[in-house]
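One structure below.
Please treat every number below as a calculation from the coordinates, not as lab data. For clarity, every value in this text was computed on a predicted model and none was experimentally measured. Here Cβ is always computed from backbone atoms with ideal geometry, including for glycine, and neighbour counts include all displayed protein chains.
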Amino acid sequence: MVSLAVVGAGLRGQQYAELAVASGLATVVAVADPSPARRAALARTYGLGPDAVFDDWAALAARPKLADAAIVATQDRNHVGPSVALAEAGYHLLLEKPIAPTEEDAQTIIVAAERAGVQLAVCHVLRYTPLTGHIRALLDDGRVGELVSVQHLEPVGWWHFAHSYVRGNWRRADLATPLLLAKACHDVDWLQYIVGRPAVRVSSFGSLFHFRPEQAPPGAADRCVACPVEQSCAYSAARLYRSCLGDPDRERWPLGAITDDLTPEGVEAALRDGPYGRCVYACDNDAVDHQVVTIEYEGGVTASLTVSAFTPMADRKTRIMGTRGYLDSDGETIRVYDFRTATEEIIDVGAGTDASAARGHAGGDAGLVEAFLNSIAAADPSLIKTGPAESLTSHRLVWAAERARQEGVVVLL
Ligand SMILES: NC(=O)c1ccc[n+]([C@@H]2O[C@H](COP(=O)([O-])OP(=O)(O)OC[C@H]3O[C@@H](n4cnc5c(N)ncnc54)[C@H](O)[C@@H]3O)[C@@H](O)[C@H]2O)c1
C-alpha cells in the first residue's frame, strides 16, 4: 500500500486522492491546503487527525516524511516550491501539468527529483486512456502503414472556455500560463506520443477574438445577474451555474470551482459577488480563445493542432493519415480505413469515454494514478508514461509554439 499526502486539495487533488484509494493500491495519510473547507473535507473523508492536516505545503515539507508520495495539485504558478521541497524530503511526486510556467522552473523541479532519487510523474492523463492505448496499438501493428500526418482538434467547449479561461483561474498568462500550456500541453504531449518522432519546427497563430469589451451586446451589464440581455447571451453565468445544482458531477465541476456552498443561496452569492458572475466581455482576461499550431517532425511528418473555445463540449477529434491507411477518432470510436482493401473497421472504445475532467478524462486519470502507484510499489519508473524527460520535451515544444505565435516566426527546435 502506497501512502499519499495531498498537496492542494482542490478539484484535481480530490480527484486523484479518490482514484488512488479506489484502486486499492493507496491510502491518503496527510493533506495540505490553505482553504479550511477543502482540507477539512479531505480530512473527514480519509479520517485524518490534526497532526496530518496542514494549511500550507511548506508546513508539511518541514515535518519528517509522512508518506511515500505526494500529489502536487496546486495552481500552475505554485508547483515549483512544493515539488522541490517534497522531493528533497524524499516524497515521490505525482505532479499536475504544466510542470511549471517556464523551462527554468521545470528544470529546477526535474533536477530536484533526480537528485533526491524520487519518481516524478507528470499528469498528462491523455497518454493513459484506453482510447490512446487502442490507437497506439493500431499504429504499432502497421494498420495505416507509415504515419505521415495528423490533424487534431481540442474542442474546449464554449462554457468551459468562459468558465476557466475568461472568468476563471487560467484567464491570464501572468496569473497562470498561456492557453497552450494550460490546456493544450496535453495535446502537444499526446501528438508526441502518437507520432513518436522528435519535432523539428513549429509555427502557430491565434488571438483573443471574441471575449473583449467591444464584443459586448448593446446594453450588457458587468454582471449576468444584473444584465438585461443575459437571457439571449450564450455565455450567461446565471444559466450555467444555476443549472448545475442537483447534478453531482456538475456540482463538483464547474460549480465546485466557484463556491464551497452548494446551495441556491451559495450560487447566487457567487454570481453576485464572485469572479465567475462577471460578464465575459468585462473580465480582465487575455487568454487566446483560438489557436492553431503546425508541427514538423523528423523525416517530414506533420501535425496540425487546433484549440478552440467555439465548440460544443465534446471529446477531442483526431485524424491520422498513413501511407497505407487512415484512422479517425471522435473519442468514442476509432475508424480504421485500409487503402489495399478499401474497407473500414469501426472499433468501439467502450464505456467510460467521457473525456471531461469531472468524469476522469475517459479513464486517463485512473490509468495515470495506477501507473504511478504501481511504479512506486515496484520501484520501476518505466511504468510511468509521462516521466520528466518526455514531459519536458513536449513542454519545450509548447514554449516554442507560443514563441512562434507571439513573434510571428517559425521556431526551429
Ligand atoms: N491533468 C489535467 O487534465 C488537469 C485538469 C485541470 C487542472 N489541472 C491542473 O491541476 C492544478 C490544480 O487545478 P485545480 O483545478 O485542482 O485547482 P484548484 O484551485 O481547485 O486547487 C488548487 C488548490 O491548491 C490550494 N493551495 C493554494 N496554495 C497552497 C499552498 N501553499 N499549499 C497547499 N495547497 C495550496 C488551493 O487552496 C486549492 O484548493 C493546476 O496546475 C491545473 O492547471 C490539470
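Below is a table of values for the structure above.
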| item | result |
| --- | --- |
| Least to most buried among ILE346, ILE334, ILE71 (fewest other Cβ within 10 Å first) | ILE346, ILE334, ILE71 |
| SER149 versus THR393: modelled label distance in nm, points set 7 Å from Cα along the beta carbon direction | 2.4 nm |
| Cα-based Lys pair tally, the chain, threshold under 21 Å, eight or more apart or on separate chains | 4 |
| Spacing of the two label points (7 Å from each Cα toward its C-beta) at LYS65 and ASP328, in nm | 5.1 nm |
| Rg [Å, one decimal], Dmax [Å, integer] - segment 2-118, C-alpha atoms | 13.0, 38 |
| Using distinct alpha-carbon pairs, which all enter the 1/r mean, Kirkwood radius of segment 213-277 in Å | 12.2 Å |
| Segment 389-397 - phi-based ³J(HN,Hα) in whole Hz, Karplus 6.51/-1.76/1.60, Gly and Pro as x | 5, 5, 5, 5, 4, 6, 4, 4, 5 |
| Simple label model, 7 Å out from Cα along Cβ direction - ARG172 to GLN107, nm | 2.9 nm |
| Phi-based couplings in Hz for segment 2-10 (Karplus 6.51, -1.76, 1.60; Gly and Pro marked x) | 8, 9, 10, 10, 9, 10, x, 8, x |
| Calculated from backbone phi, Karplus (6.51, -1.76, 1.60) coupling profile of segment 193-209 in Hz, x at Gly/Pro | 5, 6, 6, x, 10, x, 6, 10, 8, 8, 9, 7, 9, x, 7, 8, 8 |
| Overall form of segment 288-350 per C-alpha gyration tensor (a/c, 1.5; a/b vs b/c) | oblate |
| For the chain: Kirkwood Rh in Å [reciprocal of mean 1/r, alpha carbons] | 22.3 Å |
| Positive dipole terminus of the chain, leading residue within ILE135, PRO101, CYS279 (C-beta point charges) | CYS279 |
| Alpha carbon centroid spacing (whole Å) that separates segment 31-64 from segment 2-19 | 11 Å |
| Net +/- balance of residues flanking PRO34 in space, Cβ distance below 15 Å, scoring K and R +1, D and E -1 | -1 |
| Per-peptide average of other Cβ atoms within 10 Å, ordering 316-329, 6-19, 94-107 highest first | 6-19, 94-107, 316-329 |
| Residues whose placed amide H lies under 5 Å from that of VAL148, excluding near-sequence neighbours | MET321, GLY322, THR323 |
| Relative contact order of the chain, pairs being alpha-carbon contacts under 8 Å that are 6 or more residues apart, as % | 21 percent |
| Likely footprinting exposure, ARG127, ARG201, fewest C-beta neighbours within 10 Å first | ARG201, ARG127 |
| Contact order relative to length of segment 220-278, as percent, for alpha carbon pairs under 8 angstrom and 6 or more apart | 36 percent |
| Exposure proxy ranking, count of Cβ atoms within 10 Å, fewest first, for PHE211, PHE161, PHE54 | PHE54, PHE211, PHE161 |
| Share, in percent, of DSSP beta bridges within the chain that are antiparallel, nearest 5 | 60 percent |
